[in-house]
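Just below is one structure, and these are the notes that go with it.
The values are calculated or read from the model by the stated rules, or taken from the named source; none is laboratory data. Keep in mind that what you see is a predicted model, and the values were worked out from it rather than measured. Positions of Cβ are generated from backbone atoms using ideal geometry, with glycine treated the same way; all protein chains shown enter the neighbour counts.
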Amino acid sequence: MDENVKAARMATLARVAKALGENRMEAQVVESREALLEALKELLPKGASVASGGSMTLAETGVNDLLQSGDYDFYFRGRTGEDGQPVDVYRAAFSCDWYFSSSNAITEDGCLYNVDGNANRVAALCYGPKKVVIIAGYNKIVRNLHAAAERVRAIAAPANCIRLERKTPCAVTGRCMDCKSPDHICCDTVIHRFQRDPDRIKVFLLPEDYGY
């Protein structure tokens, strides 16, 4: 990335981090995915129970690999118990020490904006896990909540429907069509503003683009 572009992005992220902090969400700007992983290794106690939402950002930044390293009790999708039966990782997430996710959008005034199909992710972000970690690239930063909704309709929803092989109009047209398809993934919308617990949600912002 051009150093001047990176400097401008870092300045924007610093403003967003300040706004998140004013909403009692601890936010930190990291310069690279390598710096992010080092920060997470210092943050996460070995053996901690961890769950995550489905996220291309977590995959692209290497966070999924870190969680699957064996140092943590990771409730990944497809995990089985000692009896060989599938573990209900969606419900297990609510009693985990840590929950990892990205965000569909983050506004410049410090709000998290997320839209779900099953609501397992937005539910865990709201309540249950003791700590929540949000990882977001610069591409997730938007001016306001209106722009956040537009970002989901024009970018996140169509890309995720294609990735998940959902039979929705947006997977064909590349834009939300306000469908009523059985495969509809925009079912529940949650906005995180001011937080009562200032230690629960931690946000890491990166100058590169990651995920949808």
(message) I'm checking my understanding of the structure. Among residues of segment 139-171 that are within 23 Å of Phe204 (Cα to Cα) and of a type in the set (Lys, Arg), which one is surrounded by the most Cβ atoms within 10 Å (Cβ to Cβ)?
(response) Lys140
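Conditions (1) in a helix (DSSP H, G or I); (2) within 24 Å of Ala14 (Cα to Cα); (3) not polar (S, T, N, Q), marked per residue:
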position	(1), (2), (3)
Val122	yes, no, yes
Pro129	no, no, yes
Ile134	no, yes, yes
Ala148	yes, yes, yes
Val152	yes, yes, yes
Ala159	yes, no, yes
Phe194	no, yes, yes
Phe204	no, yes, yes
Asp209	no, yes, yes
(request) Starting from segment 117-128, take each residue that is more than 14 Å from Ser55 (Cβ to Cβ) and list its partners that are in a helix (DSSP H, G or I) and aliphatic (A, V, I, L, M), counting only C-beta distances under 7 angstrom and pairs at least six apart or across chains. (result) Gly128/Ala93
(message) Between Glu82, Glu22, Glu42, Glu34, which is surrounded by fewer than 14 Cβ atoms within 10 Å (Cβ to Cβ) and touching a residue at least 60 places away in the same chain (Cβ under 8 Å)?
(response) Glu22
(message) With the structure loaded, tell me whether Tyr127 is surrounded by fewer than 22 Cβ atoms within 10 Å (Cβ to Cβ), among the aromatic types (Phe, Trp, Tyr) and at pLDDT 95 or above or whether it fails that test.
(response) yes
(request) Could you list, in sequence order, all residues of segment 61-77 that are surrounded by fewer than 19 Cβ atoms within 10 Å (Cβ to Cβ), among the polar types (S, T, N, Q) and not in a loop (DSSP other than H, G, I, E, B)? (result) Asn64
(message) So, Asp71, is that one among the charged types (D, E, K, R), touching a residue at least 24 places away in the same chain (Cβ under 8 Å) and over 30 Å from Glu108 (Cα atoms) or not?
(response) yes
(message) Name the residue that is farthest from Gln28 (Cα to Cα), counting only residues in segment 102-117 that are in contact with a Lys or Arg (Cβ under 6 Å, 6 or more places away or on another chain) and not in a loop (DSSP other than H, G, I, E, B).
(response) Ala105
